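Each remark here refers to the structure printed beneath this line.
The values are calculated or read from the model by the stated rules, or taken from the named source; none is laboratory data. Since this is a predicted model, take the numbers as computed values, not measurements. Keep in mind that these areas ignore ligands, DNA and RNA; they rest on the heavy atoms of the full protein, side chains included. Shrake-Rupley method; radii C 1.70, N 1.55, O 1.52, S 1.80 Å.
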Amino acid sequence: MSIHIGANSGDIAETVLISGDPLRAKYVAEKMLTDVICYNEVRGMYGYTGIYNGKRVSVQGTGMGIPSTAIYIHELIHDYGVKKIIRIGTCGAIQSDLKLGQLILAEAAYTDSSTNLLYVGSMAIAPTADPALLNLAKETARKQIIPVITGKVFSTDIFYSEDVNRWVQWTKQGVLGVEMESSILYALSAKNNVQALSILTVSDNIITKAYSSAKEREQASLEMMKLALEVA
Ligand code: HPA
């Protein structure tokens, strides 16, 4: 047991998919894994372990945002010995040509979060994905004919802002999308010798103001879940 996860030692696999939405974790467990156990219900932040294609894999909700995500990542690594973490999440695109449902492999995550300073000692870094895991995901997507693009994302601490020019410089820098978790996943994983990758679905386009329907989101996240499980 750790403070926020009520699992026994050995309940959690070495590879964990994480999702901000605990119901997405539940969905993956119920629809895509076999021999499933639910190891956590504390705070409704569901965690499950099961089998996918003969591989033991866990899937854990983290809540939204960097501080909440950091708590779960810390406990997964330090209390349960997790070695590989793959985030399955959504992002708002900040490039006008990015379509809803597009899958993104996040190679690096810029951030405005001071957690970079607190955890890593500097704001002047963009934490990156594990290169081997990123390459494996690209290769797997190619073989499975799942369209993906690779690029930089931005992990922010605030969802709502009144600044209409907020994303201009990041769009110019070629950042693909905005979300709220990947930078801490990459920073904590690198620090602890854990492999990490964020796979994101474009759920909305902040520039064109396009939003996906629940059905479109479901279809796109199915492909993302499949890719993450194949890579796990
Ligand atoms: N902003 C921040 N996080 C997000 C967004 C967004 O527009 N869409 C999905 N996650």
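How much area per residue is accessible in the chain when the probe is 1.4 Å and only protein heavy atoms are counted (Å²)?
Working: 10840 Å² over 232 residues.
For the chain, the per-residue accessible area is 47 Å².
Would you compute the Debye intensity of region 66-115 from its alpha-carbon atoms alone, equal scatterers and no solvent, and pass along log10 I(q)/I(0) at q = 0.13, 0.22, 0.29 Å⁻¹ to two decimals?
At q = 0.13, 0.22, 0.29 Å⁻¹ the computed log10 ratios are -0.46, -1.02, -1.23.
Calculated from DSSP H runs of 4 or more alone, at -39500 (n - 2.57) each and per residue, what is the 222 nm mean residue ellipticity of the chain, nearest 500?
Mean residue ellipticity at 222 nm (helix-derived): -9500 deg cm²/dmol.
Output wanted: per-residue J couplings in Hz (rounded whole) for region 83-94, from phi through Karplus 6.51 cos²θ - 1.76 cosθ + 1.60, θ = phi - 60°, x for Gly and Pro.
These are the phi-based 3J(HN,Hα) values: 10, 9, 10, 10, 7, 10, x, 10, 8, x, 6, 10 Hz.
Could you tell me the ratio Rg/Rh of the chain? Both radii from Cα atoms, Rh via Kirkwood. Walk me through the numbers before you get to the answer.
Working: Rg = 16.5 Å, Rh = 17.5 Å.
Ratio of gyration radius to Kirkwood radius for the chain: 0.94.
Among G20, G54, G92, which one moves the most in a GNM of the chain with springs linking Cα atoms closer than 10 Å?
G54
Name the long-range amide H neighbours of I18: under 5 Å, sequence gap of 5 or more, or other chain; modelled H, no Pro or chain starts.
Q60, I86, R87, I88
Could you identify which residue out of S198, S96, S113 has the top mean-square fluctuation in a GNM of the chain using Cα springs shorter than 10 Å?
Between S198, S96, S113, it is S96 that shows the largest mean-square fluctuation.
Report, to the nearest whole %, how much of the accessible area of region 15-231 belongs to carbon and sulfur atoms, 1.4 Å probe, protein only.
53
Can you grab the distance from the C-alpha centre of region 186-232 to the C-alpha centre of region 29-104, Å, no decimals?
Between the Cα centres of region 186-232 and region 29-104 lies a distance of 10 Å.
Most fluctuating residue of Y211, Y186, Y46 in a GNM of the chain with Cα springs under 10 Å: which is it?
Among Y211, Y186, Y46, the largest mean-square fluctuation in the Gaussian network model of the chain belongs to Y211.
Pairs of Cα atoms under 8 Å, at least six residues apart: use those to get the relative contact order of region 133-190, whole percent.
39
Using Cα-Cα distances under 8 Å and only pairs 6 or more residues apart, what relative contact order does the chain have, in percent?
Values: 510 pairs, mean separation 60.0, N = 232.
The normalised contact order for the chain reaches 26 percent.
With a/c under 1.5 counting as rounded, go ahead and sort region 1-113 into rounded, prolate or oblate using the C-alpha gyration tensor (a ≥ b ≥ c being the square roots of the eigenvalues; past the cut-off, prolate if a/b is larger than b/c, else oblate).
Values: a/c = 2.00, a/b = 1.46, b/c = 1.36.
It is prolate, given that a/c is not under 1.5 and a/b is the larger ratio.
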